[in-house]
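Got a structure for you, written out below as structure tokens; questions coming shortly.
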Amino acid sequence: MSSVATRLIHWHKHDGRHHLPWQGSRDPYAIWLSEIMLQQTQVATVIPYYQRFMQRFPTCQSLALAPLDDVLALWSGLGYYARARHLHQAARSVMQDYHGNFPQQQELIQQLPGIGRSTAAAIAVFAFGERCAILDGNVKRVFARYAGIGGYPGTVKIQNLLWQKAHEYLPERNARQPIEIYTQALMDLGATVCTRSKPLCTACPLQQDCVGFRENRVAQFPAPKPHKSQPKKETLFLMLLNQKQILLEKRPTTGVWGGLWCPPEIMAGEDIARYCAQQYGLDARLVADMPPLDHTFTHFKLRIHPQLCHVVSAAASPQQHTRWMTLEQALQAAIPTPVRKLLRQLILSAEGSVVS
Ligand code: SF4
């Protein structure tokens with residue numbers, strides 16, 4: 001039987017993906033951007049973001065020179081905003097530490113902010129033809145099933161076993177074509193054939209000696225994350241409206257929604273009028289409790305209680321990290337998805353005169 005690499009390369013010719021916008025490029029910047037966007041995000045969602053991003057920031061230099069706020073605004077809605085902050089930081093590092101020349105070896109690429117071992121390997125393969133192994137989420141699933149590796153891949157032990165397999169299956173020849181095609185084929189197989197649910201084993205080039213398939217245990221691999229109930233948190237958002245403008249506050253760059261614009265947050269039981277006067281020099285009145293909104297993060301669930309307040313008078317000009325925006329301007333800013341939902345509700349409500 002031919003090797004895993006030979007079968008995958010052969011399969012890819014007819015059945016792999018060949019028309020994704022970032023394919024065929026040897027530009028490390030374009031490849032890097034696509035790899036970061038594809039982390040935890042489906043291809044179909046990524047494509048329009050990738051195209052807009054490349055149009056606005058076509059080079060590493062243009063990204064490095066841009067204000068973080070513009071980068072986050074373009075990322076808005078894609079989630080996992082640390083990816084955008086790291087991307088921006090890494091672009092600056094490439095300009096400063098490497099004089100604008102993207103590092104060419106996996107080991108160096110991996111030292112840039114936000115780039116893990118597998119992402120660095122993918123960039124090194126596609127941009128520079130380096131012979132190195134990838135192991136993203138999809139590839140872990142393929143190898144766990146194919147080699148019959150049980151256990152949760154989040155543990156060091158299982159991860160090491162999977163990395164071993166990733167190296168074992170690499171095509172032998174250190175020629176450019178095979179390593180690129182093999183790597184792309186592996187990604188494509190994980191995304192289109194060896195999918196999380198209902199894998200298409202009958203169309204798989206690895207079926208003949210796949211342990212999961214042979215033993216009819218495909219659904220057991222990889223083992224799921226041990227269940228831990230997610231903590232639940234609650235927060236209050238002050239939806240402060242002054243005429244048709246809303247007050248948004250820029251969050252510190254670290255932590256949840258770092259660097260994004262959000263309505264001010266207050267503790268439950270806090271006196272809203274006093275808080276607004278002390279913090280923002282505003283005379284504001286609570287007019288309605290908007291319906292609560294739930295949002296799920298990787299590590300916890302958040303219930304937001306939006307408090308709609310009208311400003312009667314403003315004594316002070318906004319502080320540096322706060323800004324009055326029209327609802328339409330706010331929708332264009334770097335905001336997280338729940339804030340986008342709340343703004344849309346306000347716009348809809350404006351037609352029913354809740355916002356005046
Ligand atoms: S045979 Fe099925 S389980 Fe095995 S690698 Fe192929 S698609 Fe995945």
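The values are calculated or read from the model by the stated rules, or taken from the named source; none is laboratory data. Just so it is clear, the model here is predicted, and its values are computed rather than measured. Neighbour counts run over all protein chains shown; Cβ positions are idealised from the backbone, glycine included. Surface areas here come from the heavy atoms of the whole protein model, side chains and all, with no ligands, DNA or RNA. Shrake-Rupley method; radii C 1.70, N 1.55, O 1.52, S 1.80 Å.
Can you give me the solvent accessible area of residue 294 with a 1.4 Å probe, rounded to the nearest 10 Å²?
90
I want to verify a result. In a Gaussian network model of the chain, Cα cutoff 10 Å, which of these has the top mean-square fluctuation: 110, 184, 329?
Of 110, 184, 329, the most mobile in the Gaussian network model is 329.
May I pose another question? Between residue 287 and residue 97, what length comes free when the chain is fully extended (0.36 nm per residue of separation minus the Cα-Cα distance, one decimal in nm)?
Numbers: separation 190, 0.36 × 190 = 68.40 nm, distance 5.27 nm.
Difference between extended and current length: 63.1 nm.
Given springs between every Cα pair under 10 Å in a Gaussian network model of the chain, which of 118, 197, 76 has the largest fluctuation?
Comparing 118, 197, 76 in the GNM, the peak value goes to 197.
Each residue of segment 255-263 in order: what ³J(HN,Hα) in whole Hz does its phi give by Karplus 6.51 cos²θ - 1.76 cosθ + 1.60, θ = phi - 60°, with x for Gly and Pro?
x, 4, 6, x, x, 8, 8, 9, x
Taking θ = phi - 60°, what integer Hz values does the Karplus form 6.51 cos²θ - 1.76 cosθ + 1.60 yield along segment 201-213, in sequence order, with x for Gly and Pro?
4, 5, 9, 9, x, 9, 4, 3, 10, 7, 4, x, 5
Now, a different point. Got a sec to turn the phi values of segment 120-137 into Karplus ³J(HN,Hα) couplings, 6.51 cos²θ - 1.76 cosθ + 1.60 with θ = phi - 60°, whole Hz, x for Gly and Pro?
Computed from phi, the couplings for segment 120-137 are 4, 5, 4, 5, 4, 5, 6, 8, 10, x, 5, 8, 9, 9, 10, 7, 8, x Hz.
Using the Cβ atoms and a cut-off under 10 Å, what net charge is assigned to the surroundings of residue 233, where Lys and Arg are +1 and Asp and Glu are -1?
Working: positive: 232, 301, 303; negative: 234.
Net charge in that neighbourhood comes out at +2.
Mind computing the radius of gyration and Dmax over the alpha-carbon atoms of the chain? Å is fine for both.
That works out to 24.2, 79 Å for Rg and Dmax.
Between 117, 56, 173, find the one with the highest GNM mean-square fluctuation for the chain; connect C-alpha pairs within less than 10 Å.
Its mean-square fluctuation being the largest, the pick is 173.
Where does the charge balance sit around residue 297 when Lys and Arg score +1, Asp and Glu -1, over other residues with C-beta under 13 Å from its C-beta?
Numbers: positive: 232, 233, 301, 303; negative: 294.
My count for the surroundings of residue 297 gives +3.
What is the helix-to-structure angle for 28-38, meaning the angle in degrees between its Cα long axis and the longest Cα principal axis of the chain, kept from 0 to 90 and rounded to the nearest 10?
Value to nearest ten degrees: 70.
Here is a follow-up. Report the extension gain between residue 271 and residue 27 in nm, rounded to one decimal, defined as 0.36 nm multiplied by the number of residues separating them, less their alpha carbon distance. Don't skip to the answer; put the middle values down first.
Values: separation 244, 0.36 × 244 = 87.84 nm, distance 5.43 nm.
Gain in length upon complete extension: 82.4 nm.
Here's something else I'd like to know. Nearest 0.05, what FRET efficiency do residue 332 and residue 253 give at R0 = 22 Å with Cβ-Cβ as r? It would help to have the intermediate numbers written out before the result.
On the way: r = 20 Å, r/R0 = 0.92.
Using R0 = 22 Å, I get an efficiency of 0.60.
Which of the pairs 165/225; 157/301; 228/250; 198/341 have their Cα atoms more than 24 Å apart in this structure? Intermediate values should be presented prior to the final figure.
Numbers: 165/225 21 Å; 157/301 29 Å; 228/250 32 Å; 198/341 33 Å.
In this structure, 157/301; 228/250; 198/341 lie more than 24 Å apart at Cα.
Tell me which residues come under 5 Å, amide H to amide H, from residue 130 once H is placed; ignore anything under 5 positions away on its chain.
Answer set, sorted by chain and number: 125.
Calculate the spin-label point distance for residue 173 paired with residue 315, positioning each point 7 Å from the Cα along the beta-carbon direction, and give it in nanometres.
Inter-label distance under the simple model: 7.8 nm.
Along its three principal axes, how long is segment 232-351 when you only count alpha carbons? Whole Å, largest extent first please.
Here the spans come out as 40, 30, 28 Å, largest first.
In addition: At 222 nm, what helix-only mean residue ellipticity would the chain give, in deg cm²/dmol to the nearest 500, using -39500 (n - 2.57) for each DSSP H run of four or more? Intermediate results must be reported in sequence, preceding the final value.
Numbers: 15 runs with 158 residues, N = 356.
Result for the chain: -13500 deg cm²/dmol, rounded to the nearest 500.
Same structure, new question: Report the antiparallel proportion of the DSSP beta bridges in the chain as a percent, rounded to a multiple of 5.
Working: 22 of 32 bridges.
Percent antiparallel among DSSP bridges in the chain is about 70.
Compute the separation of the alpha-carbon centres of segment 37-82 and segment 271-343 and state it in Å as a whole number.
First find each Cα centre; the distance between them is then 25 Å.
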